[in-house]
Amino acid sequence: MDGLRALAALWVALYHAYEFFYRAPGKPHGGIWFDFMSAGHLGVPVFLALSGFCLAYPYARKKNYRVYAPGFALRRALRIAPPYYVVMAALVLLVQVPAFRERVVQQPTDAKDIVLHVLMAHNLFGEHIWRISGPFWSIALESQLYVVFPLLLAMLPRPALLAGVTVALGAVWWFVAPQYANLSTDASAFAFWNSLPSLLCVFAGGMISAKLSAEAKGWGWGWACLPLWALAVWLDVSGQPPPWSVVVAGLGACSALLVTTGHPFHRWFSWPPLVSVGLVSYTLYLTHNPVISLAGKLAAPRFDGWLLHGAAAGGVLLAVFVASMLFPIIEKPFHELARRLAPRV
């Protein structure tokens, strides 16, 4: 699990490295590697599938499909809220410094942004979804998925029902709702296509993978992740309709989760350096954007060729280092507190 988290987090970090290092005029951005980097936002559906798996697996293993709501809510709040609020507060304060604001902020920040981010509702509004820090939109989506998780869990004993309900809801959102939605700006379109109705099936897919894994089924499906992820990248870079690449990337993650300890993926994803990055993946996700943005805006105007590639790689490594330093301070203590205060099942 930690190895997969690391791959998802690094893919998202590479996406922002692409945005901040290679999108400037005259910079290279063609070829397979750059296509892979430019599709790095597909790490988000991988995270969503992983989240569905991790939440559902303890219940599926014990065949207990009822959630003790207070314990679940407390555990989830301690897991994601404290690091999120700490990083958000730090960025809001730092953008008051003009030199910092010019290098790490893509859009202005106002009081409404702060309120919506505190409530984790900013992903519902196109004009606010990318404020403070762009990746924060998915943290709000994750918190909304926690609200519907007990209902999804009640359907998990019948996986076909869970899949059918969530795919049907997504289909209505993809094919019927667009004509009634305001998709006039890139931000509003992004908010629509990356909403809870659109991505619910990816989260539910992770839950279904958890049930199959708990029942020791699906061992041979792990290899399917490779062609599915390749297809997702192709769909993304070829300009296909927004949900398809995201859903296919999520399906790839679901298939990668259907492995046992004897599968080669288990060994590869258990590589210690990858696991180390996976352990700090949430802190990395929260903090990498301003770090890579700052590095890119300093390096891109000055470097070309291999120096630019080295600077981009260095920006990603710096983001991993910063996350490793911050993890024991802003995240790990709350993991331990959650374990003490709120049993898993």
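The values are calculated or read from the model by the stated rules, or taken from the named source; none is laboratory data. Since this is a predicted model, take the numbers as computed values, not measurements. Cβ: placed from backbone, ideal geometry, glycine included. Neighbour counts: every protein chain shown. Heads up: the accessible areas ignore ligands, DNA and RNA and are worked out on the full protein's heavy atoms, side chains in. Shrake-Rupley method; radii C 1.70, N 1.55, O 1.52, S 1.80 Å.
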Any chance you could count how many residues in the stretch 162-196 are of a type in the set (S, T, N, Q) and modelled with pLDDT of 95 or more?
1
Tell me yes or no: at least one residue of the stretch 254-268 is small (Gly, Ala, Ser) and closer than 28 Å to Ala171 by Cα.
yes
Criterion: open to solvent by 30 Å² or more (accessible area, probe 1.4 Å) and in contact with a Ser or Thr (Cβ under 9 Å, 6 or more places away or on another chain) - qualifying residue of Phe125, Phe190, Phe175:
Phe125
Condition check: out of contact with any strand residue (DSSP E or B) (no Cβ under 9 Å at 6 or more places or on another chain) and open to solvent by less than 20 Å² (accessible area, probe 1.4 Å). Does Val202 satisfy that?
yes
Per the filter on the stretch 312-343, residues part of a helix (DSSP H, G or I), closer than 23 Å to His16 by Cα and open to solvent by less than 20 Å² (accessible area, probe 1.4 Å) are Ala312, Gly315, Val316, Ala319, Ala323, Ile330
Which of the residues spanning the stretch 235-261 are free of Cβ contacts under 8 Å to residues at least 24 places away in the same chain and part of a helix (DSSP H, G or I)?
Leu235, Trp244, Val248
Tell me, please, whether a residue that is of a type outside the set (Phe, Trp, Tyr), outside any helix (DSSP H, G or I) and within 15 Å of Cys254 (Cα to Cα) can be found in the stretch 44-52.
no
Filter the stretch 205-234 down to the residues that are in a loop (DSSP other than H, G, I, E, B) and open to solvent by 60 Å² or more (accessible area, probe 1.4 Å), then identify the one that is modelled with the lowest pLDDT.
Lys217
Give just the number: which of (1) of a type outside the set (Phe, Trp, Tyr); (2) within 21 Å of the chain's Cα centre (by Cα); (3) farther than 17 Å from Pro150 by Cβ does Val97 not satisfy?
(2)
In the stretch 178-187, what residues are open to solvent by 40 Å² or more (accessible area, probe 1.4 Å) and part of a helix (DSSP H, G or I)?
Gln179, Tyr180, Asp186
When Gly252 is evaluated against the numbered criteria (1) open to solvent by less than 50 Å² (accessible area, probe 1.4 Å); (2) more than 20 Å from Gly205 (Cα to Cα); (3) under 16 Å from the mean Cα position of the chain (by Cα), which criterion, by number, is the only one it fails?
(2)
The conditions are (1) within 17 Å of Leu199 (Cβ to Cβ); (2) polar (S, T, N, Q); (3) under 18 Å from the mean Cα position of the chain (by Cα), and Ser188 fails exactly one of them. Which is it?
(3)
Restricting attention to the stretch 59-70, the residues that are open to solvent by 10 Å² or more (accessible area, probe 1.4 Å) and either among the β-branched types (Val, Ile, Thr) or part of a helix (DSSP H, G or I) (or both) number exactly 5
So Leu257, is it touching a helix residue (DSSP H, G or I) at 6+ places or on another chain (Cβ under 8 Å), crowded, with 16+ Cβ neighbours inside 10 Å and of a type outside the set (Gly, Ala, Ser)
yes
So if I check each of Leu308, Leu274, which one is under 18 Å from the mean Cα position of the chain (by Cα), modelled with pLDDT under 95 and either surrounded by 15 or more Cβ atoms within 10 Å (Cβ to Cβ) or within 19 Å of Phe47 (Cβ to Cβ) (or both)?
Leu274
In the stretch 27-46, residue farthest from Ala13 (Cα to Cα) [restricted to those that are aromatic (Phe, Trp, Tyr) and open to solvent by 50 Å² or more (accessible area, probe 1.4 Å)]
Trp33
